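Here the structure comes first, spelled out in C-alpha cells, and everything after it is commentary.
The values are calculated or read from the model by the stated rules, or taken from the named source; none is laboratory data. Given the structure is predicted, the values throughout are model-derived calculations rather than measurements. Heads up, the Cβs are rebuilt from the backbone with ideal geometry, glycines too, and the neighbour counts pull from every protein chain shown. SASA here: full protein model, heavy atoms, side chains in, ligands and nucleic acids out. Shrake-Rupley method; radii C 1.70, N 1.55, O 1.52, S 1.80 Å.
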Amino acid sequence: MPEQRSALTISAIRSLLRIHYGLSVSKVSPLGHGSANCFCVSDHGTMYFLKEYQSRFTEADLKHETDLVDYLIKQQYPTAAIIPTLHGGRYIRHQDRYILLQNYICGRTYIEQPLPHHLLMESAGWLGRLHSILQHYVLPCEMDMDWLRTSCPDKLYAGYDDLLAALETQKEDSLYERIKSDILYKKHLLHRLSALDIHYDGITYRATHGDLSCFQYICDDDHILAIIDFSSARTLPVVWEIMRSYVQSAHACKNGIPFDSGDFCQYIHRYLEYAPLTEKDLAAMPYVYLSQLSRSMYGYREYLLTKTENRDDLIQFALWRTDICREIFQKREEIAARSLSLL
C-alpha cells in the first residue's frame, strides 16, 4: 500500500507526459502495490511504467537510481530501461514529488500468491550476478562500522521505551499484549546482539538492490524476466541482502512455516555459482541480519506514534518480522554452520 496519497490525477499524468515526453496517453491504470504510487500508462498500445516517489526522496536519490539502472542496462542485466524526457532528462518533478517513466515489462508478479520454489532459487542466481556486476560500482554505504557506532544501544532502548509508553495509552487495542511482547523481545535481542557486532568487521560489502524480494521480480511461468525498483540501492553487507531477500520471498517464511535452514543453504549455493562469499561472511550472516532488525522499529513506530495511514498493514508486517527474528535467533548457530559447509 502506498505510503502517501498521490499528488497526481489522471489529467495531470496526461498533461505531464505530453509536455515532458511527447506522449499522447490513452489509458492510465493505477497499480495498487508498493510503497510508492505507481501507474501503467498507455500511449495507444505502447505501455509505460510511471512511478511517483514519496516526498522524502531527494534528487540525489533519483540520480543514484537512474545512473545505476543505466549501468545495469549496459551490462545486459534484466531491468526496466528509463525513458528520457524530450530534453534528455532522466526524471521530472511535480509539486513535491519526483516522477520516473520506464519501459513496462509484461509478466507476472507474485504479490498475492507465493513465489514458486524454482523462481526463488533462480532469484538467488540473479542476486549473485548483480553483486558480480557491481563489485566495483560505488554507492553510498550503509550498515557499516560507522553506522554501528552511531546507532547507540542506549538511544535504541529509549526508542523502544517510547513505544511501550505509547502502547500503555492504548490498552484497549486487540494487539496490545502481542505488541508489548514483541517490543520487550526486541529490546532483549538488541542487548544479546550488541556484543556480537564484531561480526561486521571484515565482511564483504557490495553495491546492491537494497530491497530485493519477490515483489521486484517480473516473471513468466518458468523464469524471472526482470528485476525492478532500485530506489533503495546502496552499498550494504552482501549477507544482509542474501538473507533478507530469502526471508522476504520464501513461501515458507511468509506463511509462518518454520525457517528451513537446508532450503536456505540451497539458496546460498545458487548465489555462490555467480559471486563468492568468505568464511567470515557465512559465519556472520544470521547475526548481521538479526542485528539490523533488532534496531528497527519499523511498523511499531508507524502504528503507535505516527499513526500512518496504512498502519494496520505495517503492524502486521512488523509482527511477522519479529516472529522471523525469534526463529532465526534460535537457529543462528545451525544456519551459520550449515552455510559454512558450502565452502
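Worth a mention:
- Taken over region 22-138, the convex hull of the Cα atoms encloses 139 Å³ per residue.
- Distance in nm between pseudo-label sites at GLN135 and LYS63 (7 Å out along the Cβ direction from Cα): 2.9
- Placing GLU65, GLU309 in order of accessible area, with the largest value first and a 1.4 Å probe, yields GLU309, GLU65.
- Estimated inter-spin distance, LYS280 and ASP146, nm [label 7 Å along Cα→Cβ]: 1.9
- Residue pairs exceeding 30 angstrom between C-alpha atoms, taken from LYS27/LYS254; LYS155/LYS180; LYS74/LYS280: LYS27/LYS254; LYS74/LYS280.
- Relative contact order, whole percent, for the chain stands at 18, derived from Cα pairs under 8 Å and 6 or more residues apart.
- Relative to the longest principal axis of the Cα atoms of the chain, helix 176-193 runs at roughly 70 degrees.
- Note on region 93-192: along the principal axes its Cα atoms extend 48, 41, 37 Å, ordered by decreasing extent.
- Here the label points at ARG5 and LYS171, each 7 Å from Cα along the C-beta direction, are separated by 3.6 nm in the simple model.
- Cleavage-rule hits, chymotrypsin sites (Phe, Trp or Tyr not before Pro), region 283-316, DSSP coil, Cβ neighbours within 10 Å at most 15: TYR298
- Taken over region 242-343, the ratio of Cα radius of gyration to 2.2 N^0.38 Å equals 1.18.
- To the nearest 10, the accessible area of SER174 is 120 Å² with a 1.4 Å probe.
- Farthest toward the positive end of the dipole of region 120-203, out of LEU148, GLY128, SER181, is the Cα of GLY128, where the dipole comes from beta carbon charges about the Cα centre.
- Against the chain, whose longest principal axis is taken from its Cα atoms, helix 311-330 shows a tilt of about 40°.
- The trypsin sites (Lys or Arg not before Pro) of region 29-81 that DSSP puts in a loop, and whose beta carbon has at most 15 other beta carbons within 10 Å, are ARG56.
- The shape of the chain can be summarised by an equivalent ellipsoid whose semi-axes, obtained from the alpha carbon gyration tensor, come to 34, 26, 19 Å from longest to shortest.
- Applying 1/(1 + (r/R0)^6) with R0 = 51 Å to the Cβ-Cβ distance of ASP201 and SER29 gives a FRET efficiency near 0.55.
- When nucleic acids and ligands are ignored and a 1.4 Å probe is applied, LYS171 ends up with an accessible area of around 120 Å².
- Segment ASP70-TYR185, extension gain: residue separation times 0.36 nm, minus the distance between their alpha carbons: 37.1 nm
- Ordering of 312-319, 253-260, 228-235 by packing [mean C-beta count within 10 Å, highest first]: 228-235, 312-319, 253-260
- Between 0 and 90°, nearest 10: helix 10-21 axis offset from the chain longest Cα axis: 70
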